[in-house]
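Structure record follows, encoded as structure tokens.
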Amino acid sequence: MSNIPTAKLNSGYEIPLIGYGTFGGHDAPEQVYNASKVALKTGYKHFDTAYIYQTEEALGKAIKEGDVPREDLFITTKLWQNFHEPQYVRPVFERSLKLLQMDYVDLYLIHWPISWEFQSYEFSDLKSTKDMKNTHVPIIDTWREMEKLVEEKKARSIGVSNFTIPMLEDLLSKCSIPPAVNQVEITAALPQEELLAYCKSKNILLTAYSPLGNPGYKKDSRATLDDPVILDIAKKYNKSPAQVVLNWGVNRGYAVIPKSTTPARIEANLTYFRLEDSEIEAITALGREHPYRSCRPENMWGPSCAIFN
Ligand code: A2P
């Protein structure tokens, strides 16, 4: 637990490389409240939430009621795409702080490089995502507001999520504060080698969401937790397949934020060990030739939201 490695972000702050990922859905607030209590007791220091998951309040409450000092934790939340116009960034960020019962977050991310019209700050007032109208707010306009939050020490670090290399290139060419993190889908089926090399070269840390490949939900059978390559490595170290793929990520030099509501898995996922370079390569090779991306905005919100090849 205490041996979980950290990385130093380009902002100077340290981020623990295994975190607890929260998630959306009807029952999410209550499940996340209970699971976050388990995660805090287990020793997780890094927690990931977002406006759209509606779990900020539940996470904040679990932290407030726990006995881990706020300053020992690393808390990430995210700006949803109805709030990209500059005048909406600060109010919706303040809403997140209020729900979290915090006076700063460790990391604030632009959730998607997509912008939709503003409707309301309240999630319950938002229209169905199918009825959203795309707007054309340049990312740098949103980013300038994020930079102000850093200057005011309300967000210690700022970053992005679901950004491709050309999107990062563009932002880096215009920003005053570079993104500290790019949070993206990385799994054994989608090893993201090019993006990882690029982000390392620019001192941007990747965080992997769905690092287990979202077993149970994933529709594709490539490089799953029962792949023989992963099972062999698990057997060698006497670890579970999930622990192997999480540490494949940490050993490659990025953060992983697995989600779970099962106490035994929450505990088991917070385990660090070293893999051999040849084992890292064997897992990376599983998804190299025919990568599979599970989280595609065009599938969730329609063709006008497509951003990946
Ligand atoms: P559960 O909540 O029942 O533990 P990802 O973070 O890649 O999206 O995956 C989330 C899914 O993976 C959840 O459905 C979760 O189920 C499951 N999961 C979490 N930890 C483990 C584990 N150690 N082994 C197998 N499945 C896991």
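Scan segment 252-270 residue by residue and report those that are near the ligand (Cβ under 6 Å from one of its atoms) and either touching a His at 6+ places or on another chain (Cβ under 8 Å) or small (G, A, S) (or both).
Of all residues in segment 252-270, those near the ligand (Cβ under 6 Å from one of its atoms) come to 258-262, 265, 268-269.
Within segment 252-270, S260, A268 qualify.
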- Task: With the checklist (1) out of contact with any Ser or Thr (no Cβ under 9 Å at 6 or more places or on another chain); (2) within 25 Å of K235 (Cβ to Cβ) in hand, flag the one item P303 doesn't pass.
- Result: (2)
- Any hit, segment 7-19, residues being at pLDDT 95 or above, in contact with a Lys or Arg (Cβ under 7 Å, 6 or more places away or on another chain) and either surrounded by fewer than 18 Cβ atoms within 10 Å (Cβ to Cβ) or within 22 Å of E122 (Cα to Cα) (or both): yes
- Of the residues V244, V250, V229, which is under 30 Å from L171 (Cα atoms), in a helix (DSSP H, G or I), modelled with pLDDT of 95 or more and of a type in the set (A, V, I, L, M, F, W, C)? V250
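Within segment 229-268, restricting attention to residues that are among the charged types (D, E, K, R) and within 13 Å of E279 (Cβ to Cβ), which residue is surrounded by the most Cβ atoms within 10 Å (Cβ to Cβ)? Write out each step before concluding.
Of segment 229-268, the ones among the charged types (D, E, K, R) are 232, 235-236, 239, 252, 259, 265, 267.
Now drop any that are not within 13 Å of E279 (Cβ to Cβ), which leaves 232, 235-236, 239, 252.
Working: D232: 12, K235: 11, K236: 12, K239: 17, R252: 20.
Ranking the qualifying residues of segment 229-268, first place goes to R252.
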- Message: I'd like to check something: does segment 215-228 contain any residue that is touching a strand residue (DSSP E or B) at 6+ places or on another chain (Cβ under 8 Å), in contact (Cβ under 8 Å) with a residue 60 or more places away in the chain and crowded, with 16+ Cβ neighbours inside 10 Å?
- Response: yes
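Give the residues of segment 218-230 that are among the aliphatic types (A, V, I, L, M) and within 13 Å of the ligand (Cβ to nearest atom), sorted by residue number.
Within segment 218-230, A223, L225, I230 qualify.
Within segment 153-217, considering only strands (runs of 3 or more DSSP E) that don't extend past its boundaries, which have at least 3 residues that are away from the ligand (no atom under 16 Å from the Cβ) and modelled with pLDDT under 95?
On the way: elements: 155-161, 181-185, 205-209.
Where strands (runs of 3 or more DSSP E) fall fully within segment 153-217, none carries at least 3 residues being away from the ligand (no atom under 16 Å from the Cβ) and modelled with pLDDT under 95.
Could you please find all residues in segment 109-138 being in a helix (DSSP H, G or I) and either crowded, with 20+ Cβ neighbours inside 10 Å or touching a residue at least 40 places away in the same chain (Cβ under 8 Å) (or both)?
Pass one, segment 109-138, residues in a helix (DSSP H, G or I): 123-125, 129-131.
Across segment 109-138, the qualifying residues are F123, T129, K130.
Report yes if E185 is within 18 Å of S260 (Cβ to Cβ) and surrounded by fewer than 23 Cβ atoms within 10 Å (Cβ to Cβ), otherwise no. First the steps, then the outcome.
On the way: within 18 Å of S260 (Cβ to Cβ): yes; surrounded by fewer than 23 Cβ atoms within 10 Å (Cβ to Cβ): yes.
When the stated conditions are applied, E185 passes them.
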- Name the residues in segment 258-290 that are farther than 19 Å from P215 by Cα, aliphatic (A, V, I, L, M) and assigned to a loop (DSSP other than H, G, I, E, B), would you? L275
- Could you check E145 against (1) under 26 Å from N203 (Cα atoms); (2) modelled with pLDDT under 95 and say which number it fails? (2)
- Item | Tally, over segment 45-63, of residues that are over 13 Å from S96 (Cβ atoms), in contact with a strand residue (DSSP E or B) (Cβ under 8 Å, 6 or more places away or on another chain) and surrounded by fewer than 24 Cβ atoms within 10 Å (Cβ to Cβ) | 2
- Please indicate, with yes or no, whether at least one residue in segment 233-244 is touching a strand residue (DSSP E or B) at 6+ places or on another chain (Cβ under 7 Å) and either within 14 Å of the ligand (Cβ to nearest atom) or more than 21 Å from R222 (Cα to Cα) (or both). no
- Task: Please verify whether segment 75-86 includes one or more residues that are surrounded by 15 or more Cβ atoms within 10 Å (Cβ to Cβ) and at positive phi.
- Result: no
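The values are calculated or read from the model by the stated rules, or taken from the named source; none is laboratory data. As the structure is a prediction and not an experimental result, all values here were calculated from the model. In this analysis, Cβ positions are derived from the backbone assuming ideal geometry, glycine residues included, and neighbour counts consider all displayed protein chains.
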